[in-house]
Amino acid sequence: MSRRRSKLPPIEVESHFVRLVECLALESQAEVQRMAERRKRLGSANAEKSGESIIDLVIRDSRNGLGGRHLVEFAKRSANHVMPWHRLKVGSPVVVCEFESGSDASLTGVVSGRRSDSIEVALDRWPEGTVFRVDLTADEVTRQRHLAAIDAVRNSRGRVGQLRDVLMGERGLSFRPRADEAPPIRSRIELNRVQQEAVRFARSANDIAIIHGPPGTGKTTAVVAFICDCVADGQKVLACAPSNTAVDNLLERLVGEGVRAVRLGHPARVSESLRQHSLDALALEHESASIVRDMRREAEQLFQKAGRWTRSNPGRDAKQEMRREAKRLISDARRLERMAVESILDRSEVICATTTFNEEILGDRWFDTAVVDEACQTTEPGSWVPVLRSDRLILAGDPLQLPPTVLSSEAVEKGFAVSMLERVMELYGEQATRLLTRQYRMHQDIMAFSSDRFYDGSLVADEHVAAHLLCDLPGVDAGANTDSPLALYDTAGAGWEEALEEDGLSKLNQKEAELVVYKAKQLVRDGVDPQNIAVIAPYAAQVRLIRDLFRRSELHGPDATGGQIEVDTVDGFQGREKEAIIISFVRSNGSCEIGFLKDYRRTNVALTRARRRLIVIGDSATLGADEFYGKLFEYFESKDSYHSVFEEMNDMNG
């Protein structure tokens, strides 16, 4: 067994946890305040511009969901209206209330589905009314679970205390055996040499290990292979991620490898194709489920009979006995349900959940290994939750892509935007980390800029993708728009300046949006399937504008969140890819202000979503004043992929 000391001094534990608690309070205040200010500023008529509200909705359909919930599908009152751009994703906590009555009555729910023309919400009760609004709400449940985890960790002894000390730098790393002597990988998943090394390294860790996966390098593939090896060794694994989408991705891959995996969480937060693997669905299919349903039905009948008045109404004593019997039936039903849940969890090999799972469901279960995928997208308290349940911790992610979302500037100053993975990487460096370097997504020219700027030039494009182009796809014509991987259109000097949306909440650039539509039309004309094209913009107002332009263009299609071509912010494309990506940087002004484009990690994500063709639109006079973007423009020029927008203006206007 080897033991290695950290390269940085240990952190003062108590003050660190006190600071995390303070940051959680600041973040809660900031979230509530931001929502209140936006709604007050916009008013009811313009509420949708924040992306946090959808108004003027009616119930189009409904169905029964798991756990007796109502899955209610809301659509615009006007049948020909599509849904506006919004931030309400599957799993988002929302409030549903009447739109026009002015009533304060509301129901809390969870978004269970979203389509181009509707949104589905899981509710415990049926909403009363005819016209509704749905509003994003603060997620206080998550914050309370984070607070509980911090309180438990800071006071823990035993194994949790030991892991805490390692994660805080007070106790050295240990490995058994040495990484190069680890047992052979048992998983059937095909891995390259670097992925194999990362899996062996993680298996050799006694306490913690980090798998650092830059864009397209198969991080989740390596994580799933590692979990499969743990299962083959007879281990119980807790597999977590900050988002429901990332958890479902893990679950889908594990099920595909034949692993007995169970998904925790609200069924509405689970992808519909995977809900049969959720704990709720498995409990409904358990052998005792029919008995439980009969017991609950009988209890309900007894309650109704005890409350009914007739001439031959039972006496008071008989009614009390009926109620007592009904309560006994409900108690027995709950006991049977709990036994069914225990049985399902006992038979599972891997439990999949977000990092804010309900601890009570797991009882006193302990896991040999906890894995947190996409660990850089959660604030540190989220990563402490699985620590309370495990013998060791494996973190996977990339601190050079999207960071955790933190609204409070004061919390950011206190370090709340630094994930546990990022902090531990700074603490231990290569001692705790293995970097994946072979990428399977991008043409090598699309990859190279990010590789040089963020990963010291270490990334290598796999031979299967290194030179692939749009014109290699079936049905796509070869030409200037499809036979090269890169194109940058510089708008400097064209007068295409940015503007504020009417409410002043977000920025847009009308002419850039028009160029986006024009370049998309060219790709479609050359045979590229619209579903293989996506547009990324850093500002929500630009997303809304481009979607509106697509809707009014011939590219409008049945999947109309902006036609068949997807349009979204950077966050919406984290972990995703398309054959062709068009980026509109929006910012163009005389003072060279670029706002949150200064967070280069977000730009790293945007630049690395394209597989075969990356088109960038931006103003070098504004962006180029910043060293990072200046180098980006130089890179495109070095690849003979730089164009002035003046080359396109005549064709656009024609």
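The values are calculated or read from the model by the stated rules, or taken from the named source; none is laboratory data. What you see is a predicted model; the values in this text were computed from it and never measured. So basically every Cβ, Gly included, is an ideal-geometry build from the backbone, and we count neighbours across all protein chains shown. Surface accessibility is based on the protein's heavy atoms, side chains included, excluding ligands, DNA and RNA. Shrake-Rupley method; radii C 1.70, N 1.55, O 1.52, S 1.80 Å.
What the table below lists for this structure:
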{"read-out": "Residues residue 413 and residue 601, FRET efficiency given R0 of 22 Å [Cβ-Cβ distance, rounded to 0.05]", "value": "0.80"}
{"read-out": "Approximate spin-label separation residue 529-residue 335, in nm, with each point projected 7 Å along Cα-to-Cβ", "value": "5.6 nm"}
{"read-out": "Compactness of the range 356-434 - radius of gyration and Dmax, Cα, Å", "value": "13.6, 38"}
{"read-out": "Sulfur and carbon atoms: percent of accessible area, the chain [1.4 Å]", "value": "46 percent"}
{"read-out": "Relative contact order, percent, the range 459-524 [alpha-carbon distance under 8 Å, six or more residues apart]", "value": "20 percent"}
{"read-out": "Modelled FRET efficiency - R0 22 Å, residue 77 with residue 548, Cβ distances, 0.05 increments", "value": "0.70"}
{"read-out": "Relative contact order for the range 529-632, counting Cα pairs under 8 Å that sit 6 or more residues apart, in percent", "value": "29 percent"}
{"read-out": "Segment residue 591-residue 628, length gained on full extension (0.36 nm per residue, minus Cα span)", "value": "11.6 nm"}
{"read-out": "Over the chain: Kirkwood hydrodynamic radius from C-alpha pairwise inverse distances, Å", "value": "27.1 Å"}
{"read-out": "Tail fraction, Cα-Cα pairs, the range 572-626, threshold 16 Å, whole percent", "value": "45 percent"}
{"read-out": "Over the range 438-551, volume per residue of the alpha carbon convex hull, in Å³", "value": "135 Å³"}
{"read-out": "The chain, helix-only ellipticity at 222 nm - DSSP H runs n ≥ 4, -39,500 (n - 2.57), divided by all residues, nearest 500", "value": "-12000 deg cm²/dmol"}
{"read-out": "Accessible area per residue, Å², the range 181-274 with all protein chains present, probe 1.4 Å", "value": "34 Å²"}
{"read-out": "Computed FRET value (nearest 0.05) for residue 124 with residue 100, which takes r as the C-beta separation and R₀ as 22 Å", "value": "0.40"}
{"read-out": "Restraint check, 521/578; 519/578; 89/598, Cα-Cα greater than 24 Å", "value": "89/598"}
{"read-out": "Fraction of antiparallel bridges per DSSP, the chain only, in percent to nearest 5", "value": "45 percent"}
{"read-out": "Rel. contact order, % - alpha carbon contacts under 8 angstrom, at least six apart, the chain", "value": "13 percent"}
{"read-out": "Two-decimal Rg to Rh for the range 78-154 - Kirkwood Rh, Cα set", "value": "1.08"}
